[in-house]
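Below: the structure, in structure tokens.
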Amino acid sequence: MTTSGSNTTGCRRGLQVAARVVLAAFGRLRVTGAVPDGPVILAANHISPVDPVVLLAACHAIGVAPRVMATAGVFRAPVVGAVLRRAGYLRVARGTASVTQALHDAIEAVAAGDPVLIYPEGRIGLAPGMWPERGKTGVARLAEATGVPVVPVAQWGAHEIAPYAAPRGAVRGLARSVLRRPQVSVHFGRPVSLAGTGSAREATDRVMAAIADALLPLRAAEPDVPRWHDPTRPIDPSRARLAP
């Protein structure tokens, strides 16, 4: 590995350690499952503004340091953007003509032997009941181009730490979490077989179904309606899919 590559990996691991320290102040992390050795695609549901902290902490717990696909806006933030670029995270310019560059960058990352973490929904999910929405097809296209396993990653509990509208209301939410310290659960499921899928849409639907299946035991006590109500979260049923 080159010095530059070592520095990039070291920066990613440093961010993961910081994430575990920060998350420990606001919640109790529980991680289950495992990830195959070598490059993989980690496909996770998106439920909260603090998901990146939760998933970095969970990945550190199982010894994986993925390159994260993140919205372009965070790369423009002072200091934070520079750190993310140094960590080799992948910029996704949603809604622009250059969005396809993110796929090319992810393919190169996998070819270099790095795991890649992606949110197939492309946004914090707004479906009723907070089940995963229909995903964007980028995850399927990445899997087809690289041939590496797709691991469904289900998470639950991060929505109790900070509201959807954060930073509005974030201070109050975080202060409440310091006192309550809700459990935040992350499960790394078995790789999804995409054999026999005839299109990127079909393959993506299979990935989202696997994420939903992995999520079911994490929220077994609240399968229909989350017990924690966030009044700032809007509802958009246009991309909803059937819950398992």
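The values are calculated or read from the model by the stated rules, or taken from the named source; none is laboratory data. For clarity, every value in this text was computed on a predicted model and none was experimentally measured. Cβ coordinates were reconstructed from backbone atoms using ideal geometry, including for glycine residues, and neighbour counts include every protein chain displayed. Remember, those area values only see protein heavy atoms, side chains included, never the ligands or the DNA or RNA. Shrake-Rupley method; radii C 1.70, N 1.55, O 1.52, S 1.80 Å.
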Check: Just one of the numbered conditions (1) over 15 Å from His46 (Cβ atoms); (2) open to solvent by 50 Å² or more (accessible area, probe 1.4 Å); (3) of a type in the set (Ser, Thr, Tyr); (4) touching a residue at least 60 places away in the same chain (Cβ under 8 Å) is not true of Ser177; which one?
Finding: (2)
Checklist line | Selection count, the range 218-230, where residues are touching a residue at least 24 places away in the same chain (Cβ under 8 Å) and open to solvent by 90 Å² or more (accessible area, probe 1.4 Å) | finding: 2
Notebook entry, point to check: Looking at the range 1-46, which of its residues are β-branched (Val, Ile, Thr) and modelled with pLDDT under 95?
Noted result: Thr2, Thr3, Thr8, Thr9
Next item on the list: Output yes when any residue across the range 9-20 is surrounded by 13 or more Cβ atoms within 10 Å (Cβ to Cβ), touching a Ser or Thr at 6+ places or on another chain (Cβ under 9 Å), touching a residue at least 24 places away in the same chain (Cβ under 8 Å) and at negative phi, and no when none is.
Entry: no
Next item on the list: Find the residue count for the range 187-208, including only residues that are within 17 Å of Pro132 (Cα to Cα) and open to solvent by less than 60 Å² (accessible area, probe 1.4 Å).
Entry: 8
Checklist line | Residue that is farthest from Val151 (Cα to Cα) [pool: residues in the range 111-141 that are in a loop (DSSP other than H, G, I, E, B) and of a type in the set (D, E, K, R)] | finding: Arg123
Check: What residue, among those in the range 142-175 that are outside any loop (DSSP other than H, G, I, E, B) and of a type in the set (D, E, K, R), is nearest to Pro217 (Cα to Cα)?
Finding: Glu160
Check: With respect to the numbered conditions (1) open to solvent by less than 20 Å² (accessible area, probe 1.4 Å); (2) out of contact with any helix residue (DSSP H, G or I) (no Cβ under 9 Å at 6 or more places or on another chain), which one is the sole condition not fulfilled by Gly113?
Finding: (1)
Note to self: Quick check on my filter: what residues within the range 58-95 are free of Cβ contacts under 8 Å to residues at least 12 places away in the same chain and over 14 Å from Gly122 (Cα atoms)?
What the structure shows: Gly63, Val74, Arg76, Ala77, Pro78, Val79, Val80, Gly81, Ala82, Arg85
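Right, Gly135: of a type outside the set (Lys, Arg), over 19 Å from Ala58 (Cα atoms) and open to solvent by 20 Å² or more (accessible area, probe 1.4 Å) or not?
On the way: of a type outside the set (Lys, Arg): yes; over 19 Å from Ala58 (Cα atoms): yes; open to solvent by 20 Å² or more (accessible area, probe 1.4 Å): no.
Considered against the rule, which asks whether it is of a type outside the set (Lys, Arg), over 19 Å from Ala58 (Cα atoms) and open to solvent by 20 Å² or more (accessible area, probe 1.4 Å), Gly135 comes out as no.
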Notebook entry, point to check: Under the condition of being assigned to a strand (DSSP E or B) and of a type outside the set (Gly, Ala, Ser), which residue from the range 46-103 is most open to solvent (accessible area, probe 1.4 Å)?
Noted result: Arg91
Next item on the list: Output the number of the condition that Ile211 fails; it satisfies all remaining conditions of (1) open to solvent by 40 Å² or more (accessible area, probe 1.4 Å); (2) within 23 Å of Glu222 (Cα to Cα); (3) part of a helix (DSSP H, G or I); (4) not hydroxyl-bearing (Ser, Thr, Tyr).
Entry: (1)
